[in-house]
Amino acid sequence: MTLIDLPPGVVLILGALLVPFLSQRPRQIWMLGLIILSGLQAWSLTPGIHLEATIIGLDLILVRANEFTQPFSLVFHIAAAINVIYAMSANCRVTDASGLAYAGAAIAALFAGDFATLFVYWELTAITSVFLILQGTSSHRLGAAMRYLLMQVTSGVILLGGAAMLWHQGAGLVIGALDVTSLAGAMIFIAFGIKAAFPFLNGWLQDAYPEASIPGTVMLSAFTTKLAIFVLLQSFTGLEWLIYIGAIMAVFPVFFALIEDDMRRVLAFSLNSQLGFMVVGIGIGTELAINGAITHAFASVIYQALLFMAVGAVSLRVDTTKTSELGGLWRSMPLTASFCIVGALSISSFPLFSGFVTKSMTMSSAIYEGHFYVWLSLIFASVGAVLHSGIKVPYFIFFAHDRGFKVKEAPRSMLIAMGLASAICIIIGIFPNLLYALMPYEVTYNSWYTSKVITKLQLLLFAALAFSILLNRGIFGHIRGTTLLNTDWFLRRFFPRIIMAIGKPIWHSYTVLIAGLKSMLFDIINFLISQLRVSGFGSGAMGTGLAGGIFLAIFALLLAFKFSIQ
Amino acid sequence: MSDIKKNLGSSGIKYSLYLLAACVFLAMLEFIINRHSDTNIEAVFLFYGLVGIVSVLIITLGASLLGKLVSRAGDYYDAD
């Protein structure tokens, strides 16, 4: 096997091992070169099985391409390259190495043809990405990283359990459609749901992503959750539950994003909401809906990363991401402001930007299939995206109240990365057929109907008008300097307290019982010794030996009693 | 909340006026262009504009109530 025969992405994982030993410029050239190599490898794969192996009696499909892999693989490679460029100014070997390996693991997972291979890359994404969180500067990063790792590894273990059950049932390990009502299918569904940040399984996302290093957050936003969307497409397309799960996912984070003070956390909620649209599309399962989910995933990787990059650049310069501490930065950082606005317009589905030609496909498929309330909830979530990411993020950072920051524009490498991401958002928005050509099914959908453009503009601008009036009247705003309870509360407060509440009395009773038994035993021994001494029998060493013998006899009796009751 | 109002400054009112002008223009287009609708409800005059406004009101109200329910002191988890 030559290097070129390795699964796409594995080249990046292996190449990452060398990264810590290279100086800045050769390291960056090396990483970009590897990404191009891996990208070419992935692009050259036609649908079908390309690499198989038998390991410890398991028939594994190490490389399999299908109609879904190409668009995901392309956007993952683009994101990996943009991340490398964005992280150049940080010049951190750990971030570079772990980021490259993380991207490689996510890409390799796309081509895994069986659940055992998927499990390996699934866990590798968790292990490599946790270093990005540990590279953060916040004092909370260690706890956030551990909780992130716990959730990700748990997801992997559940996936492995489901896969083992499938194998035991003789169903094989090949990744394909699964029945969620079977135990194995349900376990795999939950494993995927954790990584996709389903409702009540989403806390890790808003907890960990904002704690990562500046380039780390951008890297994290691209891969883990979109990999989950990809595997849901493989195994649960058309599952009706997903329609309702997705609708809840799309709607609820909107409220949190609006009141959250920390911009990176706002974007983490926003990301969660965008995932909801994709999950709805997978649940509907028609050709239009699947195309909608994939195009949206593609566009979302780029515009979400763009928004995280802009907030990261601001954070680098003014050392805060709090809405309540930002404002007026457009004078100092005009290019970053422009790129952020492109990201904001894209996520808001503004015509000529990527979100417009992708998100509307899922929404249309919902109404075509008769899911009226789901369709309404997606419109509602779209309005939410306009408010929290379309208006709140750029407006409160770059405009609003001028706080007198006199800072330099973002470093050149960051500007190049943001410029590239912005260009992709605009190119997709103007020439959607370039993206549609990558879809598994032929796209006959036309986003550019006059009425679609007008209705979308009406939705966005009337919503923006209403929001601006409310803001001007001081009716609503983010909540300053507070912690918002999210579902990670269960992991951070509820379960530890339950464990303490149950465990403490049990531990206390156990220690009291042991202490009582010990005391009773010593009392008996002391009593026997004293009786023997009084009677003059076995004095001195002999007496002690006898007492020891009695102790051993009692101990043996206790042991016999213990085993007799088992 | 007055803090937010102060932060917006006079630029906030200027942006609102621009938006208002754009919305008036879009409302006028309803009389000129025959909109395609997938459902009966979409045919209602300015349906999407109204949905936008109602959604903002619901989100605003919901977020305010949620804020009261889920916001805790900044060091809430640090206290452990």
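The values are calculated or read from the model by the stated rules, or taken from the named source; none is laboratory data. Please read all numbers here as calculations on a predicted model, not as lab measurements. Reconstructed Cβ throughout: ideal geometry from the backbone, glycine too, with neighbour counts over all protein chains shown. What goes into the accessible areas is simple: the full protein's heavy atoms, side chains included, and nothing from ligands, DNA or RNA. Shrake-Rupley method; radii C 1.70, N 1.55, O 1.52, S 1.80 Å.
Here are the numbers for this structure:
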| quantity | calculated |
| --- | --- |
| First in segment A:388-413 and over 13 Å from A:Ala310 (Cα atoms), second anywhere and of a type in the set (Lys, Arg), Cβ under 7 Å, 6 or more apart | A:His401/B:Lys6; A:Val407/A:Arg317; A:Lys408/A:Arg317 |
| Flag for A:Val386 being touching a Ser or Thr at 6+ places or on another chain (Cβ under 9 Å), modelled with pLDDT under 95 and under 30 Å from A:Met361 (Cα atoms) | yes |
| Filter result for A:Phe372 (within 8 Å of another protein chain (Cβ to nearest Cβ), open to solvent by 10 Å² or more (accessible area, probe 1.4 Å) and touching a residue at least 40 places away in the same chain (Cβ under 8 Å)) | no |
| B:Gly62 vs. criteria touching a helix residue (DSSP H, G or I) at 6+ places or on another chain (Cβ under 9 Å) and either facing chain A (nearest Cβ under 7 Å) or among the aromatic types (Phe, Trp, Tyr) (or both) | yes |
| Residues satisfying the stated conditions in segment A:358-369, i.e. farther than 22 Å from A:Phe308 by Cβ and more than 8 Å from chain B (Cβ to nearest Cβ) | A:Ser360, A:Met361, A:Thr362, A:Met363, A:Ser365, A:Ala366, A:Glu369 |
| Candidates A:Leu420, A:Leu438, A:Leu471, A:Leu491, filtered to the one that is modelled with pLDDT under 90 and under 30 Å from the mean Cα position of the chain (by Cα) | A:Leu491 |
| Some residue of segment A:423-435 being within 30 Å of A:Glu67 (Cβ to Cβ), under 32 Å from the mean Cα position of the chain (by Cα) and within 8 Å of chain B (Cβ to nearest Cβ) | no |
| Count - residues of segment B:18-46 that are loosely packed, with under 11 Cβ neighbours inside 10 Å and either touching an Asp or Glu at 6+ places or on another chain (Cβ under 9 Å) or basic (Lys, Arg) (or both) | 1 |
| Residue check, A:Ser360 open to solvent by 10 Å² or more (accessible area, probe 1.4 Å) and small (Gly, Ala, Ser) | yes |
| Residue that is open to solvent by less than 20 Å² (accessible area, probe 1.4 Å) and of a type in the set (Phe, Trp, Tyr), where the choices are A:Tyr148, A:Tyr121 | A:Tyr148 |
| Sole residue being touching a residue at least 24 places away in the same chain (Cβ under 8 Å) and over 21 Å from A:Thr125 (Cα atoms), chosen from A:Leu45, A:Leu62 | A:Leu45 |
| Qualifying positions in segment B:33-58 - within 25 Å of A:Phe467 (Cα to Cα) and more than 8 Å from chain A (Cβ to nearest Cβ) | B:Ile41, B:Ala43, B:Val44, B:Phe45, B:Val54 |
| Test: residue in segment A:516-524 that is of a type in the set (Phe, Trp, Tyr), farther than 26 Å from B:Tyr15 by Cβ and open to solvent by 70 Å² or more (accessible area, probe 1.4 Å) | yes |
| Matching option when the condition is of a type outside the set (A, V, I, L, M) and modelled with pLDDT under 95, among A:Phe192, A:Phe230, A:Phe255 | A:Phe255 |
| Unmet criterion (only one of (1) open to solvent by less than 10 Å² (accessible area, probe 1.4 Å); (2) part of a helix (DSSP H, G or I)) for A:Phe189 | (1) |
| Matching option when the condition is open to solvent by less than 60 Å² (accessible area, probe 1.4 Å) and not hydrophobic (A, V, I, L, M, F, W, C), among A:Ser23, A:Ser44, A:Ser98 | A:Ser98 |
| Segment A:446-460, subset in contact (Cβ under 8 Å) with a residue 60 or more places away in the chain, buried (at least 20 other Cβ atoms within 10 Å of the Cβ) and not hydrophobic (A, V, I, L, M, F, W, C), residue nearest to the other protein chains (Cβ to nearest Cβ) | A:Lys456 |
| Residue match in segment A:303-322 (condition: within 14 Å of chain B (Cβ to nearest Cβ) and among the basic types (Lys, Arg)) | yes |
| Per-region count, segment A:255-283, residues part of a helix (DSSP H, G or I) and open to solvent by 10 Å² or more (accessible area, probe 1.4 Å) | 4 |
| Some residue of segment A:479-499 being within 30 Å of B:Ile53 (Cβ to Cβ), within 10 Å of chain B (Cβ to nearest Cβ) and part of a helix (DSSP H, G or I) | no |
| Filtered residues of segment B:32-54 (kept if free of Cβ contacts under 8 Å to residues at least 12 places away in the same chain, under 24 Å from the mean Cα position of the chain (by Cα) and not in a loop (DSSP other than H, G, I, E, B)) | B:Ile41, B:Glu42, B:Ala43, B:Phe47, B:Tyr48, B:Leu50, B:Val51, B:Gly52, B:Ile53, B:Val54 |
| Every residue from segment A:418-441 that is without any contact (Cβ under 8 Å) to a residue 40 or more places away in the chain and either surrounded by 21 or more Cβ atoms within 10 Å (Cβ to Cβ) or assigned to a loop (DSSP other than H, G, I, E, B) (or both) | A:Phe431, A:Ala437 |
| Candidate set from segment A:378-405 (those that are under 13 Å from A:Leu471 (Cβ atoms) and at the interface with chain B (Cβ under 7 Å from one of its Cβ atoms)); member that is surrounded by the fewest Cβ atoms within 10 Å (Cβ to Cβ) | A:His401 |
| Flag if A:Ala228 is surrounded by fewer than 23 Cβ atoms within 10 Å (Cβ to Cβ), small (Gly, Ala, Ser), touching a helix residue (DSSP H, G or I) at 6+ places or on another chain (Cβ under 6 Å) and part of a helix (DSSP H, G or I) | no |
| Condition check for A:Thr54: outside any helix (DSSP H, G or I), open to solvent by 10 Å² or more (accessible area, probe 1.4 Å) and closer than 22 Å to A:Gln234 by Cα | no |
| Among the residues listed as B:Gly67, B:Gly49, the single one being in contact with a Cys (Cβ under 8 Å, 6 or more places away or on another chain) and either modelled with pLDDT under 90 or open to solvent by less than 80 Å² (accessible area, probe 1.4 Å) (or both) | B:Gly49 |
| Residue list for segment A:61-98, restricted to those being assigned to a helix (DSSP H, G or I) and touching a Ser or Thr at 6+ places or on another chain (Cβ under 7 Å) | A:His77, A:Ile85, A:Tyr86, A:Ala87, A:Met88, A:Ser89, A:Thr95, A:Ser98 |
